[in-house]
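Here is the structure we will look at.
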Amino acid sequence: MSDLLTRSPGWSLPQAAYTDPDLYDADLDRVFAAHWLFAGHTAELDAPGRYLTVDVGRDRVIVVRGEDGAVHAHHDVCAHRGSRVTAEPRGRVKAFVCPYHQWVYGLDGTLRSARLMGDCFATASYRLAPVAVRETAGLVFVCLADDPPAFEPFAAALEPRLGPHGLADARIAVRHHYRVAANWKTLVENNRECYHCAGSHPEFSLSNFDVGVHGDVRTNPRYDRALADARAHWSAQGLPAEDVSFPGGDWYRIARLPLREGYVSETLDGQPLAPPMGTLSDPDVGSLRMVSLPNMWGHANADYAMTTRLTPVDVATTDVELCFLVARDAVVDEDDLAAVWRATSEQDWELCERNYAGIASRGYRPGPLSPVVEASVESFLDWYLDALGGAARAA
Ligand code: FES
Ligand SMILES: [Fe+2]
């Protein structure tokens, strides 16, 4: 990690931060295993036994709806000799039956039966090891740490803003998987700036202003007026208008931004594709942006929401799952629904892969971040280096 110490504020990271396998292991330990990770949606866990899995390096977490209605999370490691218990990334089960010697676990992780273990075997002494899990406003998070960071401030900020969008009662209409040839930080950095948007995202730029995103210090009277008008409109609907943006350097941001005039949703023609979700009645609620470091961002319009989950695969590879949610009974054209964010995401993956190819090459040197439009990249790097070990920031 030594050359991270040479990182200067305002500059991109040294090459090793993106390419060194030891540093990647440190990322998994100190960033991914130490923080809350977006796992999935309440909508995917809508009945007892419905489960999904989250991979974090060599660790796999099972997240499952219990018979008691609560969400549970367990390490996917059998308490007998350690086999994985699940075979599929998601599904529905009555119990988890280890495929090796058929130990049977309840949805709450307790061991129910273990065949041929002798008369003295204390079944109640064994279970799938628990993992911290929280559910808020239709999103589910897990944390592998023994002593997880505080979750409640995030939930307190998210609930009143995202809650009215009704994600907990939604359905996932479209799901896309991508494998991106880039370090996970390259994808987060790309998400943290819109310097590239005008040049690369024609569909996104139809509905979104070029200014107003976090870390963009430009002022624009037309945007400021649109924001003030929109906030008055949202407040009248009971929606909190003010942003919660990485408070105290913390790991989350939730901000509702206005869309361009004539656009009430991030769709190609700006018109909603589905009825308002949840308790929303007005189709014009702008677009609620959510970021939770290190592995999620999403946008919630009135008619649909999009979430993006990152899963590091190795130092140079990141898996991405993109989900589109609508009201449970909404009838939608799936291509139209996904049009803007599928295009935007695929454009981003191409940018990230090109970026990473250069970063990984002999010619790469750290470069200067724009103080005008890349301050959010800088704050992500601050957060990352703090998580990694603090000392790296001092140089
Ligand atoms: S390793 Fe699971 S039952 Fe043996
Ligand atoms: Fe982008």
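The values are calculated or read from the model by the stated rules, or taken from the named source; none is laboratory data. If you're wondering where the values come from, they're calculated on a predicted model, not measured in any experiment. FYI the Cβ positions are ideal-geometry reconstructions off the backbone, even for glycines, and counts take in every protein chain you see.
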Might you check whether a residue that is more than 11 Å from ligand 2 (Cβ to nearest atom), in contact with a helix residue (DSSP H, G or I) (Cβ under 7 Å, 6 or more places away or on another chain) and closer than 24 Å to F380 by Cβ occurs anywhere in the range 222-233? no
If a residue must be part of a strand (DSSP E or B), of a type outside the set (S, T, Y) and either crowded, with 21+ Cβ neighbours inside 10 Å or on the phi > 0 side of the Ramachandran plot (or both), how many such residues does the range 32-51 contain? 5
Which one of the conditions (1) in a strand (DSSP E or B); (2) within 29 Å of T317 (Cα to Cα) does E88 fail to meet, given that it meets all the rest? (1)
Criterion (assigned to a loop (DSSP other than H, G, I, E, B) and either within 16 Å of ligand 2 (Cβ to nearest atom) or surrounded by 15 or more Cβ atoms within 10 Å (Cβ to Cβ) (or both)) met by exactly one of D68, D119, D27, D108: D108
Expected output for the range 193-213 (first residue in a helix (DSSP H, G or I), partner of a type in the set (K, R) and away from ligand 1 (no atom under 16 Å from the Cβ), Cβ below 9 Å, 6+ apart or cross-chain) is E203/R342; S205/R260; L206/R260; S207/R260
Sole exception among (1) more than 20 Å from H41 (Cα to Cα); (2) aromatic (F, W, Y); (3) touching a Lys or Arg at 6+ places or on another chain (Cβ under 8 Å) for Y126, by number: (3)
All but one of (1) within 30 Å of G166 (Cβ to Cβ); (2) within 11 Å of ligand 1 (Cβ to nearest atom) hold for R90; which doesn't? (2)
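Which of the residues spanning the range 316-348 are β-branched (V, I, T) and more than 16 Å from ligand 2 (Cβ to nearest atom)?
The answer is T317, V326, V331, V332.
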Residue selected from the range 122-143 under the condition under 18 Å from D68 (Cα atoms) and part of a loop (DSSP other than H, G, I, E, B), by the criterion nearest to ligand 1 (Cβ to nearest atom): L128
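Quick grid of which residues meet (1) under 21 Å from F38 (Cβ atoms); (2) assigned by TED's automatic domain parsing to the domain that holds T123; (3) within 11 Å of ligand 1 (Cβ to nearest atom):
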{"position": "G69", "(1), (2), (3)": "no, yes, no"}
{"position": "H75", "(1), (2), (3)": "yes, yes, no"}
{"position": "R81", "(1), (2), (3)": "no, yes, yes"}
{"position": "R84", "(1), (2), (3)": "no, yes, yes"}
{"position": "P99", "(1), (2), (3)": "no, yes, yes"}
Out of the range 91-105, which residues are among the small types (G, A, S) and assigned to a loop (DSSP other than H, G, I, E, B)? A95
Consider the range 71-92. How many of its residues are surrounded by 15 or more Cβ atoms within 10 Å (Cβ to Cβ) and touching a Gly at 6+ places or on another chain (Cβ under 6 Å)? 2
The listed residue being at negative phi, part of a helix (DSSP H, G or I) and surrounded by fewer than 20 Cβ atoms within 10 Å (Cβ to Cβ), out of D335, D319, D329, D282: D335
Condition (residue is over 24 Å from A274 (Cβ atoms) and under 13 Å from the mean Cα position of the chain (by Cα)) applied to the range 319-329: is it met by at least one residue? yes
